[in-house]
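The values are calculated or read from the model by the stated rules, or taken from the named source; none is laboratory data. Treat the numbers as computed from the prediction; the structure is a model and nothing was measured. Here the Cβ positions follow ideal geometry from the backbone for every residue, glycine too, while neighbour counts run over all protein chains shown.
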Amino acid sequence: MQGGARGCVALLGLRELETNLALARSGDREAREDLIRECQPFVLKTTESFCGKGLQWGRDDELSVSLIALNEAVDRFDLERSDSFLAFAGMVIKSRLKDYYRREKRQLTAELSLQDDENGLQPAELSRAWEVYRLERAARERGEEIAEYRKLLADYDVSFDELVKIAPKKSTNRRQLIAAAHELIRQPGLVAYLIRNKRLPLNELSEASGIGRKTLERGRKYIIAVALILNHRERFLYLGSYLKLDLTGPEGVGRQ
């Protein structure tokens, strides 16, 4: 996203996002328009990342392609699934951008291309092909996301494999540490300290969050693990969904 622009989850919140999705799928045009409008920063970030260049609304065709893809994702997403809608939407956007570039450049660049009606596939076959493609792509992106997260955690002396052990067993403790991570991300100075020193600013975070220093010290690795996801929320959509994190609040202010 550009500058301090917030993503779709930051503006709507998970519950409101799900509500708007359900309304949009039931035919509520206003809810659909609201959802698409609020997700435009997410669309811009995803498209720019895929294209490897800065883009501008009203100038670059890629953004129009991506908005159409977002609208398609609204129609295709299964609310009963545990997948993150934004992760699914990102996959659809990237798929449609690949289709766009194939048409523009007349070359096959996708690892897996879906056959269209001109190749003789019937609607049922197209649906099955899309589902296979979606599952394979989602699995691949989850693997890539975990590998990237594992590497980032190592910089902070946190092992991905120990996350289950360090996660609070009681929901109240878990919510408290997640709240601390959210508070950390809201404070640019605290984020800068974390990135620079690779450890928590315990005293400052305790004062900002109202949570005792000893509690923060005991949960420091979990707080760091959550804060890194929140600070890089667009890179870790699947992990945020899997860990049931509410990816709301201001966008990450640092990068490391």
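Here are the numbers for this structure:
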| item | result |
| --- | --- |
| Which listed residue, of 150, 186, 213, 196, is under 15 Å from residue 228 (Cα atoms) and over 23 Å from the mean Cα position of the chain (by Cα) | 196 |
| Options 44, 12, 17: the member that is over 15 Å from residue 88 (Cα atoms), surrounded by 19 or more Cβ atoms within 10 Å (Cβ to Cβ), among the aliphatic types (A, V, I, L, M) and at pLDDT below 85 | 12 |
| Residues that are of a type in the set (Gly, Ala, Ser) and touching a helix residue (DSSP H, G or I) at 6+ places or on another chain (Cβ under 7 Å), drawn from segment 208-226 | 208, 209, 212, 219, 225 |
| Residues satisfying the stated conditions in segment 233-256, i.e. modelled with pLDDT of 65 or more, part of a loop (DSSP other than H, G, I, E, B) and crowded, with 21+ Cβ neighbours inside 10 Å | 233, 236 |
| Residue list for segment 74-102, filter: among the aliphatic types (A, V, I, L, M), over 14 Å from residue 40 (Cβ atoms) and surrounded by 17 or more Cβ atoms within 10 Å (Cβ to Cβ) | 87, 91, 92, 97 |
| Residue check for residue 135: crowded, with 16+ Cβ neighbours inside 10 Å and without any contact (Cβ under 8 Å) to a residue 60 or more places away in the chain | no |
| Any hit, segment 198-215, residues being closer than 30 Å to residue 91 by Cβ and of a type in the set (S, T, N, Q) | no |
